[in-house]
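This report concerns only the one structure given below.
The values are calculated or read from the model by the stated rules, or taken from the named source; none is laboratory data. All values reported here derive from a predicted model rather than from experimental measurement. Positions of Cβ are generated from backbone atoms using ideal geometry, with glycine treated the same way; all protein chains shown enter the neighbour counts. Remember, those area values only see protein heavy atoms, side chains included, never the ligands or the DNA or RNA. Shrake-Rupley method; radii C 1.70, N 1.55, O 1.52, S 1.80 Å.
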Amino acid sequence: MLEPKTAAAIVRAVEQGFDQQIAFTQDLIRFPSTRGQEHAVQEFVYDALKQRGYAMTQFPMDRAAIERHEGGGKFSVDHSDAPIVIGTYSPLETRGKSLILQSHTDVVPTGPRDMWRFDPFDPQIDGDWLYGRGGADMKAGHAAMIFAMDALKSAGLAPAARVEIQSVVEEESTGNGALMTYLNGHTADAVLIPEPEEEMLVRANVGTLWFEIELRGVPVHVREMGEGASAIDAAYRVIAALREIEERWNAERHKHPYFNDLEHPINLNIGKIEGGDWGSSVPAWCRFQCRIAIYPGTSAADAAAEIENHLSQFVKTDRYLSDNPPKVTFNGFFAEGYVQEPGSAAEEVLARAHHAATGQPLKSFTTPGYLDCRVYRLYNNIPSLCYGPISENIHGFDERVSLSSVRRITSAMALFIAEWCGTVEL
């Protein structure tokens, strides 16, 4: 455990560097790093870590290696080819436990910009809130892990064990960036990922599948609509069949620890739909994109097979679709969920650090969203702590993160690093 004098010096260093930290966060937000557009921000992170003296490495996605692994997300034409960036600090002599600090730089699309209060890539501060796409999810956390390490140095300390700062992409689409770090042999005694989790620890979260469904219709003029077959109308019927799976899986929540108290842990989202060629022609085609959650312990392959089997049985009952079945393509996330069971030494250290920084006990909760922690928990088999600041509207308009919360979790992270890794005086 840290001595009070040491802990106070670390928290004071976080406070002294906080204005620079927020400016750095704003710099990150200014990069419009949507999927496939993360090269510039990854280069920025690389330079920032190199200037701080980290041993730098970067590497591309290895599609063949990812596709061979059970946890690999499915590749599509939209898959990012931006590199994974890792900065490593290594002590002269290892006395403590090693640590990975991980964050992603990819962000989701903004939607119509006229529905934002501020331009989504022009970060603005209003009171306690920092606005901007990706500011909460998760560039504030990205900056926090860098500046938590900076604070130790400012306090005259250095970790007594190896620390890796990993900056990945594809977290919002496949999780392949995190998986690539594992496939390249990067591991440690624990990982901390500062996603915006309301100053709580994620105890469990769902896995995720992405898939596309394509339907074909029979185009005719609308005056003869009864003689054709609308692919868009057929899509409605297929979506209704998918809702049956969603309902069935939610009804099974009592079988899964940590999910029984959630009213609706399995969410099916129809995220994008397009179809037809002409307003006065019966649509000849329709495609729609889906995301659905799965419980920890359910393999992505088994869940995918259940979806395909359910649709196969459904189309037999549909007069048109029985002869024109939908085409199902899994095109992104193919990830199992995870549980971080209580009782690890890493969680005990984080709980002490959180209490010291906030004055409150550390709470945990279950989230029905995807997190990269699944890679480190399932495949590295190490304690995987997802813990970060209070936020609002992630993936929505006017995404924002609480600055006072960012300050608290940065202090907690710095204290965690100091106790978990141990420290030496510079």
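Taking the condition in a loop (DSSP other than H, G, I, E, B), in contact with a Gly (Cβ under 9 Å, 6 or more places away or on another chain), under 30 Å from residue 404 (Cα atoms) and open to solvent by less than 10 Å² (accessible area, probe 1.4 Å), does residue 204 pass? It is false that residue 204 is in a loop (DSSP other than H, G, I, E, B), in contact with a Gly (Cβ under 9 Å, 6 or more places away or on another chain), under 30 Å from residue 404 (Cα atoms) and open to solvent by less than 10 Å² (accessible area, probe 1.4 Å).
Filtering the range 265-285 to residues that are in contact with a helix residue (DSSP H, G or I) (Cβ under 6 Å, 6 or more places away or on another chain) and under 22 Å from residue 340 (Cβ atoms) leaves 265, 266. Please verify whether the range 167-176 includes one or more residues that are buried (at least 24 other Cβ atoms within 10 Å of the Cβ), at positive phi, among the charged types (D, E, K, R) and not in a strand (DSSP E or B). Scanning the range 167-176, I find at least one residue that is buried (at least 24 other Cβ atoms within 10 Å of the Cβ), at positive phi, among the charged types (D, E, K, R) and not in a strand (DSSP E or B), so the answer is yes. Of the strands (runs of 3 or more DSSP E) entirely within the range 328-426, those holding at least 1 residues that are open to solvent by 10 Å² or more (accessible area, probe 1.4 Å) occupy 364-367, 400-402, 423-425.
Just wondering, is there one or more residues in the range 321-337 that are in contact with a Pro (Cβ under 8 Å, 6 or more places away or on another chain) and not acidic (Asp, Glu)? Yes - at least one qualifying residue is present in the range 321-337.
With the condition kept exactly as written, say whether any residue in the range 327-346 is at pLDDT 95 or above, under 16 Å from residue 189 (Cβ atoms) and acidic (Asp, Glu). Among the residues of the range 327-346, not one is at pLDDT 95 or above, under 16 Å from residue 189 (Cβ atoms) and acidic (Asp, Glu), which makes the answer no. Of the residues 271, 297, the single one that is assigned to a loop (DSSP other than H, G, I, E, B), under 26 Å from the mean Cα position of the chain (by Cα) and touching a residue at least 12 places away in the same chain (Cβ under 8 Å) is 297. Screening the range 17-128 for helices (runs of 4 or more DSSP H) wholly inside it with 1 or more residues that are surrounded by 15 or more Cβ atoms within 10 Å (Cβ to Cβ), among the hydrophobic types (A, V, I, L, M, F, W, C) and touching a strand residue (DSSP E or B) at 6+ places or on another chain (Cβ under 8 Å) returns the ranges 18-29, 39-51. Given the condition touching a residue at least 12 places away in the same chain (Cβ under 8 Å) and under 23 Å from the mean Cα position of the chain (by Cα), answer yes or no: does some residue in the range 153-164 qualify? Scanning the range 153-164 turns up at least one residue that is touching a residue at least 12 places away in the same chain (Cβ under 8 Å) and under 23 Å from the mean Cα position of the chain (by Cα). Residues in the range 129-147 that are under 19 Å from the mean Cα position of the chain (by Cα) and part of a helix (DSSP H, G or I): 135, 136, 137, 138, 139, 140, 141, 142, 143, 144, 145, 146.
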